[in-house]
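A.B. asks: Before we start, here is the structure in question, set down as structure tokens.
What follows draws every value from the coordinates through simple rules; no lab data is involved. Everything numeric here is computed off the predicted structure, so don't read it as measured data. Methodologically, a virtual Cβ is constructed for each residue, glycine included, from the backbone with ideal geometry; neighbour enumeration extends over all protein chains shown.
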Ligand code: IPE
Ligand code: IPE
Ligand code: MG
Ligand code: MG
Ligand code: MG
């Protein structure tokens, strides 16, 4: 796995996409050089390597997936008003919002450039998969924003939203790996399913860390979701479990215009009172197990799945 991560990192670092003007490309180099977990290209490569050993042939595709993900982050950080990503200032804070928009757009185009570097027989299928995934992400991101101003979002609605904004890309990365590795259609389907459930668990964990994480490790400011009135699983569950007085407290914080730190503390205290952290943890475990059930259906030997197993087990206990 170490070796695979290094291969991905090296390939990303040596891509030659930068030309004039610097104002457009410097933010692209900046965000790509800040690291990140590189989960999506890793999932793609691991799926591919279950069926083929011609690793070098698909490294551009792996890079395209990661560049696409980073494009979504540039725009997401504008939408979420986030100051810090991967322990460093976000692009719209280091430069400005116009830069985040345009350099983000540029990354979307670069992503297509690298994602389509496949033998032409695969091209229609690749385009279909990324079209489906990328459209889903935009829909999920819009739902995420719409939910900020609603107070009646249900858990199924939340699950649908995170499936779109987060899971479909993890699932598509796995599916792409299987397609380019010439796997059976059943395997493509089961790997996609594995990614969907794992992605739900992954986003719940992200939401949990947004409240309870260590900012130095997590690399993002804590409490960002609370400040945006995001309708996370934790918030929706708190609303459901709260008695009258705790409900009123949540309503009070929802319209709070004072010191942001106080709001973060106040909402977190309500979560603590209701045991939301534990509830979230249990839900993550359930989704994680569902993802493993789908992985078990993939017709590859257990030895062939060790990499994927290790990667996702690590993710479920991640602090970053
Ligand atoms: C952040 O993704 C966006 C979410 C879907 C939660 P990651 O947690 O994979 O971010 P990096 O790429 O490792 O920084
Ligand atoms: C992000 O969800 C999903 C996408 C970027 C598409 P979040 O908004 O929770 O991601 P972070 O926490 O900013 O990384
Ligand atoms: Mg967001
Ligand atoms: Mg965000
Ligand atoms: Mg988040």
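A.B. asks: Can you tell me which residue within region 76-100, out of those that are part of a helix (DSSP H, G or I) and within 16 Å of ligand 5 (Cβ to nearest atom), is surrounded by the fewest Cβ atoms within 10 Å (Cβ to Cβ)?
C.D. replies: Step by step, filter region 76-100, then rank; the result is 79.
A.B. asks: On to the next question. Can you name every residue in region 276-320 that is in contact (Cβ under 8 Å) with a residue 24 or more places away in the chain, assigned to a loop (DSSP other than H, G, I, E, B) and more than 17 Å from the chain's Cα centre (by Cα)?
C.D. replies: If the condition is that a residue be in contact (Cβ under 8 Å) with a residue 24 or more places away in the chain, assigned to a loop (DSSP other than H, G, I, E, B) and more than 17 Å from the chain's Cα centre (by Cα), then 297, 298, 299, 300 are the ones that fit.
A.B. asks: Next question, about the same structure. So is residue 171 outside any loop (DSSP other than H, G, I, E, B), within 16 Å of ligand 5 (Cβ to nearest atom) and either in contact with a helix residue (DSSP H, G or I) (Cβ under 7 Å, 6 or more places away or on another chain) or farther than 22 Å from residue 280 by Cα (or both) or not?
C.D. replies: Answer is no for this residue.
A.B. asks: Residue check: is residue 161 out of contact with any strand residue (DSSP E or B) (no Cβ under 7 Å at 6 or more places or on another chain), crowded, with 21+ Cβ neighbours inside 10 Å and over 27 Å from residue 30 (Cα atoms)?
C.D. replies: It is true that residue 161 is out of contact with any strand residue (DSSP E or B) (no Cβ under 7 Å at 6 or more places or on another chain), crowded, with 21+ Cβ neighbours inside 10 Å and over 27 Å from residue 30 (Cα atoms).
A.B. asks: If I ask for residues that are free of Cβ contacts under 8 Å to residues at least 60 places away in the same chain, assigned to a helix (DSSP H, G or I) and over 15 Å from residue 10 (Cα atoms), which ones from region 38-74 would you list?
C.D. replies: Within region 38-74, 70, 71, 73, 74 qualify.
A.B. asks: Can you tell which of 200, 191 is in a helix (DSSP H, G or I) and either out of contact with any helix residue (DSSP H, G or I) (no Cβ under 8 Å at 6 or more places or on another chain) or under 14 Å from residue 287 (Cα atoms) (or both)? Walk me through it before giving the result.
C.D. replies: Details: 191 fails: either out of contact with any helix residue (DSSP H, G or I) (no Cβ under 8 Å at 6 or more places or on another chain) or under 14 Å from residue 287 (Cα atoms) (or both).
Of 200, 191, the one residue that is in a helix (DSSP H, G or I) and either out of contact with any helix residue (DSSP H, G or I) (no Cβ under 8 Å at 6 or more places or on another chain) or under 14 Å from residue 287 (Cα atoms) (or both) is 200.
A.B. asks: Could you go through region 200-208 and let me know if any residue there is farther than 18 Å from residue 268 by Cβ, touching a residue at least 60 places away in the same chain (Cβ under 8 Å) and more than 16 Å from ligand 4 (Cβ to nearest atom).
C.D. replies: The answer is yes, given that some residue of region 200-208 is farther than 18 Å from residue 268 by Cβ, touching a residue at least 60 places away in the same chain (Cβ under 8 Å) and more than 16 Å from ligand 4 (Cβ to nearest atom).
A.B. asks: Then there's this: Please work out which one of (1) near ligand 2 (Cβ under 10 Å from one of its atoms); (2) touching a helix residue (DSSP H, G or I) at 6+ places or on another chain (Cβ under 7 Å) is the condition residue 219 fails and give its number.
C.D. replies: Only one criterion is unmet by residue 219, namely (2).
A.B. asks: For residue 78, state whether it is in contact with a helix residue (DSSP H, G or I) (Cβ under 8 Å, 6 or more places away or on another chain) and touching a residue at least 60 places away in the same chain (Cβ under 8 Å).
C.D. replies: no
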